[in-house]
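Comments concern the structure below.
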Amino acid sequence: MPTIKVENVSRYYWQKREGWFWKRRKEIGVEDVSLTVEQGEFVYIIGSSGSGKSTLLNLMAGQDKPSKGAVYIESENVADLRKARGRKLPLLIGYVSQQHTLDRGKTVGEALEAAARVGYRKFGGKKELNHRIQKALGITGLSGMQDKYPGMLTAGECRRVELARALINSPPILVLDEVTANLDADSMWDVFLLLNEINAMGTTIVMSTHNINYVNMVRRRVITLVDGRLYSDEIKGRYGEVKKK
Ligand SMILES: Nc1ncnc2c1ncn2[C@@H]1O[C@H](COP(=O)(O)OP(=O)(O)OP(=O)(O)O)[C@@H](O)[C@H]1O
Ligand SMILES: [Mg+2]
């Protein structure tokens with residue numbers, strides 16, 4: 001089963017300076033971060049806004065390439081898997097970005113079908129494809145919604161469609177960036193409970209969140225970033241109670 005290894009990863013963004021076009025300012029996304037996530041773990045990535053959570057999750061999900069270091073899943077470099085544009089990455093990692101990414105012109109069913117087609121060969125024919133779509137809708141509490149467009153759904157439902165799309169190919173790893181942001185309390189708890197269930201079935205979950213209550217209540221591994229650096233890594237952490245490593 002896949003272990004994620006983040007090895008001395010840094011990601012810098014180069015900003016052009018006004019009037020100093022020959023000079024560029026180095027913005028730190030993350031710097032020299034190393035960590036290992038074993039299969040089946042549930043890990044929260046926390047830290048204040050701009051601390052590097054999205055940068056780290058993007059790198060772990062192979063959506064971006066580190067400036068230094070590398071992310072490995074087993075022996076495969078994740079950035080290379082992305083470059084190969086094959087089916088391997090989406091079958092390995094389900095990813096939900098902080099930005100909402102649903103195409104407003106596609107129904108829920110169409111969005112899920114496009115994602116499920118990636119795993120088509122792995123899972124068999126058309127019947128199996130429909131079965132997977134129905135199952136993903138069922139798990140995320142969206143049964144009967146396949147003909148709706150994103151504009152007809154609440155923010156919480158849209159987030160759940162993105163989750164359904166991430167898990168439709170049953171990847172062993174889910175990387176989720178603020179999936180509960182901007183949700184009302186009920187929808188948020190629904191999503192948290194759903195993630196707990198998915199994790200209980202063996203799926204690794206790495207997610208960023210600002211939700212203090214949930215992190216404190218569930219007591220999972222908590223990784224805290226400060227200014228792009230790994231500040232602490234607590235096996236059963238609490239928000240705001242971090243000890244430096
Ligand atoms: N595309 C980009 N270009 C330039 N700088 C960036 C870019 N993306 C991120 N940064 C910078 O990298 C740092 C980390 O940003 P990141 O988005 O990873 O933080 P975050 O912890 O996810 O914040 P938030 O809680 O607001 O989502 C910030 O200083 C940010 O300004
Ligand atoms: Mg972010």
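Each reported figure results from applying straightforward, stated rules to the coordinates on display, with no laboratory input. If you're wondering where the values come from, they're calculated on a predicted model, not measured in any experiment. Heads up, the Cβs are rebuilt from the backbone with ideal geometry, glycines too, and the neighbour counts pull from every protein chain shown.
Please give the charge dipole size of the chain, origin at the Cα centre, charges +1 on K and R Cβ atoms and -1 on D and E Cβ atoms. Round to the nearest 20 debye.
Here the chain has a charge dipole of around 780 debye.
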Tell me which residues come under 5 Å, amide H to amide H, from residue 30 once H is placed; ignore anything under 5 positions away on its chain. 11
Do any of 53/127; 26/88; 83/106; 68/236; 26/83 go past 31 Å between their Cα atoms, and which? 53/127; 26/88
How much length is gained on full extension from residue 184 to residue 3, taking 0.36 nm per residue of separation minus their Cα-Cα distance? 61.8 nm
Tabulate in residue order the Karplus-calculated ³J(HN,Hα) for region 212-224, using 6.51 cos²θ - 1.76 cosθ + 1.60 with θ = phi - 60°, rounded to whole Hz; enter x for Gly and Pro. 4, 4, 5, 4, 5, 6, 7, 6, 10, 5, 10, 9, 10
Under-5 Å amide H pairs with residue 226, H placed in peptide plane, nonlocal only: 231
Would you please give the residues with an amide H less than 5 Å from that of residue 41, counting only those at least 5 places away or on a separate chain, with H modeled from the backbone geometry? 205
Modelled FRET efficiency - R0 22 Å, residue 38 with residue 70, Cβ distances, 0.05 increments: 0.75
